[in-house]
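*Asks:* Here it is, the structure, as structure tokens.
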Amino acid sequence: MGGSAFSSGCNPLLTPRMPKRVYEATKGRCEEILRTLYSCVESPLEGPGKTDFGDIDFLLASPKPEASEGAYAIQTISKALGAEKSIIAGGNEPAGSLAIPWPTDEQDAKEGSDKKHIQIDVRVCETERKLRWMLFKHGHGDLWNLMGSTIRPYGLTVDDSAMWLRVPEIEESDRKRARIYLTSDPAKVMDFLDMPMDGYWDKSFPSVEEMFDYATLCRFMYVPPVAPEPDAKKLKANDRRRMTYRPVFKKWVDEFLPECRRLGKFPEQKFTREQVTKEAFSTFGVEEEFNTRRKAFLAERQRDLIWNTSIKGGIPELKSSEPQDILYRSCLAKALKRIILEDDTSYGIVPEKSLKNPDGTYNMEDVQAFVANHHEDVGKAAMSRHNDHYTQRRATKKIKTKQESS
């Protein structure tokens, strides 16, 4: 219940949910104070149908001379608002939670009652453009939790920075690298999703059901007519965790989607992920970046596969655990890696033909054939080089020792 940032830890504070009149009065007073520090002071649209509130959120941009910068920004805001306790969040932008006293006229007058506080969450955005995006991303409470689960199967992601297109081959192993920037313009996002903005982003939805209806206007809305397993089972781990603490999202998954299925709504999947990717290419001009990153990743993955499978897995196992056999296999593997993956010709053994395809990828059959047919010759050359280097090191050491003793 209420803001939770101060409810645990050392000297926890009581921050109960606020009735609407306390919320609005406190928000108005804090906004007036914050405008003495920042030219741009905004709050995201609240979720639908709220009658009480756990905290008050403010997004700030364009600091005035009275404001502080960097790590001191939250301290200055805290002092201005009369906060009695603050928690500074990590991240690139100044942000934190502040606990201010509950208005005196609302303080429980009963003797011995616990003192109440109100949690204020603030974030100082680097630019007003970033602030507008954050208003969009966090507007209407859980809206983007619903939308995220709708657009994710099509390779789209919306986070606190922008809308992104994911490269499918990369996303399982490196989510950050898989993302290609599309836009941080809310109007362009909604246009791509074919959703209206006018009349939907100037006030909160009266009810959860009306917000659900708005979310279904997305052209990617799809509810499979037959569900082999509950909708919650198909969610990503983050969404499954979200089910435990976001009741509106839980209602969407557990009640709204099954009801749509029962009524036969949104039974047709009108687009494939590949189609959406091509649309993103033409709309946002990201095809070259997408293909370049995909190609680089696939090349790295193939090189890892060649090293771990074709080379280390393709050369003979150790004959024994004797040091000489261990040394031989190590030198052989390193030499094959240099010849195949680094185009090293210094061993005097070069593939009869290029091991690469015209597109720059390796022909795996040719790689495996080269390892099978030439590992003995490469092993001899590698050991010869190792022995030569060993002899040279010993000779150099003798000369150095002799010079130091003379």
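The values are calculated or read from the model by the stated rules, or taken from the named source; none is laboratory data. Being a predicted model, the structure only gives us computed values, none of them experimental. Every residue, glycine as well, gets a Cβ built from its backbone with ideal geometry; the counts of neighbours run over all protein chains shown.
*Asks:* Does the range 220-253 hold any residues that are in contact with a helix residue (DSSP H, G or I) (Cβ under 7 Å, 6 or more places away or on another chain) and modelled with pLDDT of 90 or more, and which are they?
*Replies:* Phe220, Met221, Val223, Pro225, Val248, Phe249, Lys250, Lys251, Trp252, Val253
*Asks:* Only residues in the range 168-181 that are among the aliphatic types (A, V, I, L, M) count as the first member; pair them with residues that are part of a loop (DSSP other than H, G, I, E, B) and surrounded by 12 or more Cβ atoms within 10 Å (Cβ to Cβ), Cβ under 6 angstrom, at least 6 apart or cross-chain, and list the lot.
*Replies:* Ile170/Arg177; Ile170/Ala178; Ala178/Val167; Ile180/Val286
*Asks:* Go through the range 255-264 and count every residue that is farther than 13 Å from Lys234 by Cβ and surrounded by fewer than 15 Cβ atoms within 10 Å (Cβ to Cβ).
*Replies:* Result for the range 255-264: 5.
*Asks:* Follow-up. Would you confirm whether any residue within the range 265-278 is in contact with a strand residue (DSSP E or B) (Cβ under 8 Å, 6 or more places away or on another chain) and assigned by TED's automatic domain parsing to the domain that holds Arg175?
*Replies:* Scanning the range 265-278 turns up at least one residue that is in contact with a strand residue (DSSP E or B) (Cβ under 8 Å, 6 or more places away or on another chain) and assigned by TED's automatic domain parsing to the domain that holds Arg175.
*Asks:* Output the number of residues of the range 138-153 satisfying the condition of being in contact (Cβ under 8 Å) with a residue 60 or more places away in the chain, part of a helix (DSSP H, G or I) and in contact with a helix residue (DSSP H, G or I) (Cβ under 8 Å, 6 or more places away or on another chain).
*Replies:* Number of matching residues: 10.
*Asks:* Within the range 74-100, how many residues are of a type in the set (A, V, I, L, M, F, W, C) and in a strand (DSSP E or B)?
*Replies:* The qualifying residues number 6.
*Asks:* Related question: Do we have any residue at all in the range 7-17 that's part of a loop (DSSP other than H, G, I, E, B) and modelled with pLDDT of 95 or more?
*Replies:* No - not one qualifying residue is present in the range 7-17.
*Asks:* Continuing with the same structure: How many of the residues in the range 201-215 are under 27 Å from the mean Cα position of the chain (by Cα) and more than 13 Å from Gly141 (Cα to Cα)?
*Replies:* Qualifying residue count for the region: 1.
*Asks:* With the structure loaded, tell me whether Ala280 is modelled with pLDDT of 95 or more, within 30 Å of Leu135 (Cα to Cα), of a type in the set (A, V, I, L, M, F, W, C) and within 20 Å of the chain's Cα centre (by Cα) or whether it fails that test.
*Replies:* Spelling it out, Ala280 is indeed modelled with pLDDT of 95 or more, within 30 Å of Leu135 (Cα to Cα), of a type in the set (A, V, I, L, M, F, W, C) and within 20 Å of the chain's Cα centre (by Cα).
*Asks:* Okay, next question. I need a count of the residues in the range 282-339 that are of a type in the set (Gly, Ala, Ser) and assigned to a helix (DSSP H, G or I).
*Replies:* Summing the residues that are of a type in the set (Gly, Ala, Ser) and assigned to a helix (DSSP H, G or I) in the range 282-339 gives 7.
*Asks:* So Met134 passes all but one of these: (1) at pLDDT 95 or above; (2) under 22 Å from Asp52 (Cα atoms). Which condition number does it fail?
*Replies:* Failed condition: (2).
*Asks:* Still on this structure, please answer the following. Filter the range 63-73 for residues that are within 14 Å of Val122 (Cα to Cα) and at pLDDT 95 or above; which is surrounded by the most Cβ atoms within 10 Å (Cβ to Cβ)?
*Replies:* In this case the residue turns out to be Ala73.
*Asks:* Of the residues Pro267, Pro316, Pro258, only one is in contact with a Pro (Cβ under 6 Å, 6 or more places away or on another chain) and in contact (Cβ under 8 Å) with a residue 24 or more places away in the chain; which?
*Replies:* That would be Pro267, the only listed residue that is in contact with a Pro (Cβ under 6 Å, 6 or more places away or on another chain) and in contact (Cβ under 8 Å) with a residue 24 or more places away in the chain.
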